[in-house]
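Read-outs throughout are calculated quantities, based only on the coordinates presented, and are distinct from any laboratory measurement. The structure presented is a predicted model; accordingly, all values stated were derived computationally and were not measured. Backbone-built Cβ (ideal geometry, glycine too); neighbour counts: all protein chains shown.
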Amino acid sequence: MSKRIVILNGSPRMKGNTAGLVEAFKQGAEEAGHTVEVFNLQQMDIRPCLGCLGGGRDSKNPCLQKDDMAKIYPHYETADVLVLASPMYYWSITAQLKTVIDRLFAVTEKSPEYHTPMQHCVLLMAAEGDTPDNFEPVEHYYHALLRHLGWENLGEVYAGGVMQIGDITGHPSLEKAYSLGKNI
Ligand SMILES: Cc1cc2nc3c(=O)[nH]c(=O)nc-3n(C[C@H](O)[C@H](O)[C@H](O)COP(=O)(O)O)c2cc1C
């Protein structure tokens, strides 16, 4: 069955290593017949959550702040798979991606019981460090996030040892991202 896949790319570098992982995953998923929508968050006008707790009233565009999140909300709500893609910044995801995750709370506010839409989730990450210890904080965050939201993990790809643009070329993680997309 064809799936709707939404990729949130939190890298500020459009031709960077995360973009390489995104492209490999996308190619695999499209070859398998899925529909893939990529949002390059750096190129969008998305402001941080204000913590007003006043969202959820407008069902199509539930946040009080009106910006490019309006483009993401409808895709998020109907996606079969949500892909979080980010470089590692200070042993975490980038601010660009975290900002969007925070703003998804407005969708949760649509229900009085704070119901979060179910997602099947993937993580793609590029980083300069290349040890299990380097990735541990992100793995911990990602698994905790999914556990608390009740989301299902469909796979993680960590590309270590990549710093400069182009370092991802020929990296084994590209094959992993491709086959994760192909078999999603
Ligand atoms: C502000 C900043 C913080 C970073 N922090 C880390 C880090 O904590 N651990 C790490 O392994 N790499 C770190 N890096 C390296 C990036 O994760 C690495 O260059 C990655 O390949 C960038 O992905 P991109 O090409 O998609 O931008 C950092 C880079 C920058 C610019």
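Structure notes:
- Odd one out for Ser92 among (1) within 23 Å of Gly55 (Cβ to Cβ); (2) in contact (Cβ under 8 Å) with a residue 24 or more places away in the chain: (1)
- Selection of segment 39-77 for residues being at negative phi, part of a loop (DSSP other than H, G, I, E, B) and touching a Pro at 6+ places or on another chain (Cβ under 8 Å) yields Gly55, Lys60.
- The residue pairs whose first member lies in segment 17-29 and is small (Gly, Ala, Ser), whose second member is outside any helix (DSSP H, G or I), and whose beta carbons are closer than 6 Å, counting only pairs six or more residues apart or on different chains, are Gly20/Ile168; Ala29/Ile5; Ala29/Val36; Ala29/Ile184.
- When residues in segment 127-174 are screened for being under 17 Å from Val83 (Cβ atoms), more than 16 Å from the ligand (Cβ to nearest atom) and not aliphatic (A, V, I, L, M), 5 of them pass.
- When each of Leu82, Leu154, Leu180 is tested for being in contact with a Cys (Cβ under 6 Å, 6 or more places away or on another chain) and surrounded by 13 or more Cβ atoms within 10 Å (Cβ to Cβ), the lone residue that passes is Leu82.
- Taking the conditions (1) assigned to a loop (DSSP other than H, G, I, E, B); (2) under 13 Å from the mean Cα position of the chain (by Cα); (3) basic (Lys, Arg) in turn, Lys110 satisfies each one other than (2).
- Residue count, segment 147-184 (criterion: in contact with a strand residue (DSSP E or B) (Cβ under 7 Å, 6 or more places away or on another chain) and part of a helix (DSSP H, G or I)): 4
- From Glu77, Glu23, residue being away from the ligand (no atom under 16 Å from the Cβ) and either of a type in the set (D, E, K, R) or in contact with an Asp or Glu (Cβ under 7 Å, 6 or more places away or on another chain) (or both): Glu77
- Just one of the numbered conditions (1) within 16 Å of the ligand (Cβ to nearest atom); (2) without any contact (Cβ under 8 Å) to a residue 40 or more places away in the chain; (3) β-branched (Val, Ile, Thr) is not true of Thr116: (1).
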